[in-house]
Amino acid sequence: MRRLLFAALLLPVFAGCRIPEEPGLLVHDTGTLRIELIDPAIPADVRKTGCRFLRGGWLRGVYPHGSQRSILRTRSIHPRLPAFGFPFEFYPAPELAFGTEPGHSTRLQLGVGIVREKGEGRFETVPVELFPWRSSKESAGGVTRFTFRQNSGLHAGYAYELSVRVTLEQGADSISFELELANTGGKPIESELYAHPFFETVPGFGAGWFRLPGAPREAIAAAPGTRELVKRAETVSAGNFSPLCNAVVIRTVPPMYRAVFWRNSVDCFSLEPFWPVSLRPGERRKWVCVLTLIR
């Protein structure tokens, strides 16, 4: 009886140690990493994800095996701008209408929908129409793929089809993103695509370092708030910023043409690879981005 009572008392303790499941997340365990993706097929809550990033392929959290902590920041770093995890963004975006006042234009935010600026710039928008996503999952031979698709329909001559495929291999420490954009409208699409992973660090950044293309390692704590290098390259990397891994590497195909480092003042930084986007009507392009943990 005492053993049963002791076990019953322990159950809430062990249950409290689990990472809580949240609605709207797609969860997958590779045996080495626990992956959380936002499910874009569920109607968007702009209070959580805003109107800026692609919800399809948005990596919310990466938990190394046995850890309850993610190497990615899983909560917003700004009270009004939802931003966390590892999302992608297309920007600048085709303008659909110019407002009567500066900073109030309406645009086609690729991978999101139609949004309108409120006058505070590109980071402050409200949704006019959010385009739906379709989600699917397939697993075979130790490989799992999540695929997310979006079709914009025709708006002022602009139209596109977008797919994002996230590939996870059993026992691997890498996450692969494949994005494909097709211009199905009658006007050219000119933009940029970039990844914006928000890495969480120890307070004060400790001995963390980062490396941009063609540059030496720099200490995160000593670097300015932003740094940009325009150079064609395949990788950016960072290390010693978290006890959960030795380093992270982001590899891109085709090579990025510029990269940006950003950090806040306390405990979060980002490495952002950029690709140019230029599609005439009928053209399509594909980009691959791979995040690898080195442990």
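The criterion of being in a loop (DSSP other than H, G, I, E, B) and modelled with pLDDT under 95 does not hold for Pro197. When each of Thr74, Thr32 is tested for being at pLDDT below 90, surrounded by 15 or more Cβ atoms within 10 Å (Cβ to Cβ) and under 21 Å from Ile294 (Cα atoms), the lone residue that passes is Thr74. Restricting attention to the stretch 173-197, the residues being open to solvent by 40 Å² or more (accessible area, probe 1.4 Å) and within 28 Å of Glu95 (Cβ to Cβ) number 6.
Glu200 meets all of the listed conditions (1) open to solvent by less than 40 Å² (accessible area, probe 1.4 Å); (2) in contact with a Gly (Cβ under 9 Å, 6 or more places away or on another chain); (3) under 14 Å from Arg263 (Cα atoms) but one, namely (2). Which of the residues that make up the stretch 36-71 are of a type outside the set (Gly, Ala, Ser), buried (at least 21 other Cβ atoms within 10 Å of the Cβ) and closer than 30 Å to Gly171 by Cβ? Those that are of a type outside the set (Gly, Ala, Ser), buried (at least 21 other Cβ atoms within 10 Å of the Cβ) and closer than 30 Å to Gly171 by Cβ: Glu36, Leu37, Ile38, Pro40, Phe53, Leu54, Arg55, Trp58, Leu59, Arg60, Val62, Ile71.
Selection over the stretch 220-238 of residues that are open to solvent by less than 10 Å² (accessible area, probe 1.4 Å) and under 19 Å from the mean Cα position of the chain (by Cα) gives a count of 2.
Restricting attention to the stretch 58-78, does a residue exist that is touching a strand residue (DSSP E or B) at 6+ places or on another chain (Cβ under 8 Å) and either within 20 Å of Val277 (Cα to Cα) or acidic (Asp, Glu) (or both)? The answer is yes, given that some residue of the stretch 58-78 is touching a strand residue (DSSP E or B) at 6+ places or on another chain (Cβ under 8 Å) and either within 20 Å of Val277 (Cα to Cα) or acidic (Asp, Glu) (or both).
In this structure, does Ala215 turn out to be outside any strand (DSSP E or B) and farther than 19 Å from Phe90 by Cα?
Values: outside any strand (DSSP E or B): yes; farther than 19 Å from Phe90 by Cα: yes.
So Ala215 fits the description; yes.
Please tell me if Ala238 is farther than 23 Å from Pro92 by Cβ and touching a Phe, Trp or Tyr at 6+ places or on another chain (Cβ under 6 Å). Spelling it out, Ala238 is indeed farther than 23 Å from Pro92 by Cβ and touching a Phe, Trp or Tyr at 6+ places or on another chain (Cβ under 6 Å).
The values are calculated or read from the model by the stated rules, or taken from the named source; none is laboratory data. Because the structure is predicted, anything quoted here is derived from the model rather than measured. Ideal geometry is used to build each Cβ from the backbone, glycine not excepted, and the neighbour counts take in all protein chains shown. Note: accessible area is taken over every heavy atom of the protein model, side chains too, but ligands, DNA and RNA are not part of it. Shrake-Rupley method; radii C 1.70, N 1.55, O 1.52, S 1.80 Å.
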